[in-house]
Amino acid sequence: MTGNVSAPARTQVAIVGAGPAGLLLSHLLNLAGIESVVLESRSRADVEATLRAGVLEQGTVDLLIESGVGERMLLEGSLHHGIEFRFGGRGHRIPLSELTDGRAIMLYAQHEVIKDLIHARLAAGGTIVFDARNVTIHDFDSAKPRIRFEHDERVHELRSDFIAGCDGYHGVCRPSVPPAARQEFARAYPFGWFGILVNARPYSPELIYAYHERGFSLVSTRSHEVQRLYFQCDPHDSVDNWPDERIWAELAARLETDDGWELKQGPIFQKGIIAMRSFVLEPMQFGTLFLAGDAAHIVPPTGAKGLNLAVADVRVLSDAFIEYYATGRRDGLEHYSATALERVWAAEHFSWWMTSMLHRYDDRDPFQQRLQFAQLNQVASSHAFQTALAENYVGLPIRRRALAEKLKRRSGAKTRREFGAGIA
Ligand code: FAD
Ligand code: DHB
């Protein structure tokens, strides 16, 4: 058992999945004195090495700092105040901070956030069970849910007041909800993203989202030494079809500008193809099971909303648990799904809109392509369009439970057991 010695047989909130959603939930609950156990099917090394997101919204950044896990992000991350849209051989800057009262985004890799959260949970004596196999959830239509799992060649059972399903899109929690009690909304896209990591200096001071008749591309960054680039591809293509020279030629063609912008090549040390889909589960709650993050919804990556949505869900859900354990009131828990879904659908719309505007649709007619150009031109020239884009990009507000916020403030960071004691 990694983390702390052995999992207890009972906890207040049992959390499935040690991704950003599960770990952050466990961390926030701990700050309010609420016990949790996190069950994760993979090893700690695997979890800490999974390369995914890189853009943190202002609200995500604020929450990590307020809750005491932002120190390394502030040292190593890089704050961006704008992004570039590039099409027709020209760049158009969207001044995010100017348009949103000074809000910004932070470039800091998801696996670094994960490392910071795991470190904080273990330092605070929290239990994370890595390599938990064959996790199954039971009796979550009652007040006594149970989780069974295998670990160290033994079968374990964990009882709790609630289960938080934070186990991502391929997890076990969502499919465990009876089909009659859930509705799913989905959209597939006829393209994917080819992503690479390169040893090179930053290509640009701000992210570049580029539309080109050959397809979309994106210039992002991870650090002064490591850059992240993506380009639209066939989702069924294979990495083997893309030797480095072909990748560089494709990116150079898609990112070229009339004034001769140059893309310096560097050693590529990671390649991968990402599928793109939109998906929403309604509701995000069933009995004593609450779903958060990718377990409940997926967005296509254009606009960088996935991780940030997981964080927003967890903020709403932790408020609801804090309110419940402090007062016995279930209002926050009962409203969790409706509150979270309002923001989820706004992000679904934004991600779909960004994707539709910036990608090449092979099966679309010239009429459709002209519409995309019209949209891009409006974003490049209209203050109103830019403001709407910037507000969504830096992150829409999260609806908080006023009571839970007050309780949290009163408790002060790191006071344990003040509100949870005696209720379990
Ligand atoms: P996950 O990160 O998927 O974590 C779920 C965890 O549950 C995993 O550790 C998994 O091993 C575990 N698990 C699964 N099944 C079980 C089981 N049966 N039992 C126990 N444990 C289980 N989002 C952004 O906001 N900004 C970006 O810039 C961005 N870029 C992205 C780039 C790429 C290439 C990709 C793929 C995604 C990107 N995203 C981005 C999306 C973001 O990475 C996800 O939305 C985010 O990881 C969701 O977090 P989560 O905790 O809900 O789920
Ligand atoms: C990154 C990913 C995104 O989906 C995006 O819109 C911007 C940046 C990234 O991985 O850096």
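The values are calculated or read from the model by the stated rules, or taken from the named source; none is laboratory data. What you are looking at is a predicted structure, and each value in this text was computed from that prediction instead of being measured. Every residue, glycine among them, receives a Cβ derived from its backbone with ideal geometry; neighbour counts consider all protein chains shown. These accessible areas exclude ligands, DNA and RNA; they are computed on the full protein's heavy atoms, side chains included. Shrake-Rupley method; radii C 1.70, N 1.55, O 1.52, S 1.80 Å.
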Yes/no for Pro8 being in contact (Cβ under 8 Å) with a residue 24 or more places away in the chain, exposed (fewer than 15 other Cβ atoms within 10 Å of the Cβ) and not polar (S, T, N, Q): yes
Answer residue from the range 315-328, given it is open to solvent by less than 10 Å² (accessible area, probe 1.4 Å) and under 19 Å from Arg399 (Cα atoms) and is farthest from ligand 2 (Cβ to nearest atom) among those: Glu323
Residue match in the range 344-367 (condition: within 20 Å of Gly89 (Cα to Cα), over 17 Å from the mean Cα position of the chain (by Cα) and exposed (fewer than 14 other Cβ atoms within 10 Å of the Cβ)): yes
Strands (runs of 3 or more DSSP E) wholly inside the range 227-294 that include at least 3 residues being within 16 Å of ligand 2 (Cβ to nearest atom) and open to solvent by less than 60 Å² (accessible area, probe 1.4 Å): 268-274
When residues of the range 177-200 are limited to those that are among the small types (Gly, Ala, Ser) and not in a strand (DSSP E or B), the one most open to solvent (accessible area, probe 1.4 Å): Ala180
Subset of the range 303-359 (residues that are closer than 30 Å to Ala210 by Cβ and among the aliphatic types (A, V, I, L, M)): Ala304, Leu307, Leu309, Ala310, Val311, Ala312, Val344, Ala346, Ala347, Met354, Met357, Leu358
Residue within the range 128-135 that is aromatic (Phe, Trp, Tyr) and surrounded by fewer than 22 Cβ atoms within 10 Å (Cβ to Cβ) present: yes
In the range 368-399, the residues that are modelled with pLDDT under 95, part of a helix (DSSP H, G or I) and surrounded by 16 or more Cβ atoms within 10 Å (Cβ to Cβ): Gln372
Tally of residues being open to solvent by 10 Å² or more (accessible area, probe 1.4 Å) and either within 16 Å of ligand 2 (Cβ to nearest atom) or outside any helix (DSSP H, G or I) (or both) across the range 18-35: 3
Matching residues, the range 193-239, being among the basic types (Lys, Arg) and within 12 Å of ligand 1 (Cβ to nearest atom): Arg222, Arg228
Flag if Gly287 is within 29 Å of Glu57 (Cα to Cα) and not basic (Lys, Arg): no
Hey, Lys115 under 30 Å from Val394 (Cβ atoms) and either surrounded by fewer than 17 Cβ atoms within 10 Å (Cβ to Cβ) or away from ligand 2 (no atom under 16 Å from the Cβ) (or both) or not: yes
Test for Ala312: is it small (Gly, Ala, Ser), open to solvent by 10 Å² or more (accessible area, probe 1.4 Å), within 16 Å of ligand 1 (Cβ to nearest atom) and closer than 26 Å to Glu98 by Cα: no
Yes/no for Asn377 being of a type outside the set (Val, Ile, Thr) and within 24 Å of Met106 (Cβ to Cβ): no
In the range 201-223, residue most open to solvent (accessible area, probe 1.4 Å) [restricted to those that are of a type in the set (Gly, Ala, Ser) and not in a strand (DSSP E or B)]: Ser223
The range 149-176: number of residues that are within 11 Å of ligand 1 (Cβ to nearest atom) and open to solvent by 90 Å² or more (accessible area, probe 1.4 Å): 1
Residues that are within 27 Å of Ala21 (Cβ to Cβ), in contact with a helix residue (DSSP H, G or I) (Cβ under 9 Å, 6 or more places away or on another chain) and within 16 Å of ligand 2 (Cβ to nearest atom), drawn from the range 85-108: Leu96, Ala104, Ile105, Met106, Tyr108
Filter pass, Ala164 being more than 15 Å from ligand 2 (Cβ to nearest atom), within 24 Å of Ala49 (Cα to Cα) and assigned to a strand (DSSP E or B): yes
Scope the range 137-148; condition within 12 Å of ligand 1 (Cβ to nearest atom) and either open to solvent by less than 10 Å² (accessible area, probe 1.4 Å) or closer than 19 Å to Asp294 by Cβ (or both); matching residues: Ile137, Ile147
Top-ranked residue of the range 70-110 - restricted to ones that are within 16 Å of ligand 1 (Cβ to nearest atom) and polar (S, T, N, Q), ranked as surrounded by the fewest Cβ atoms within 10 Å (Cβ to Cβ): Ser78
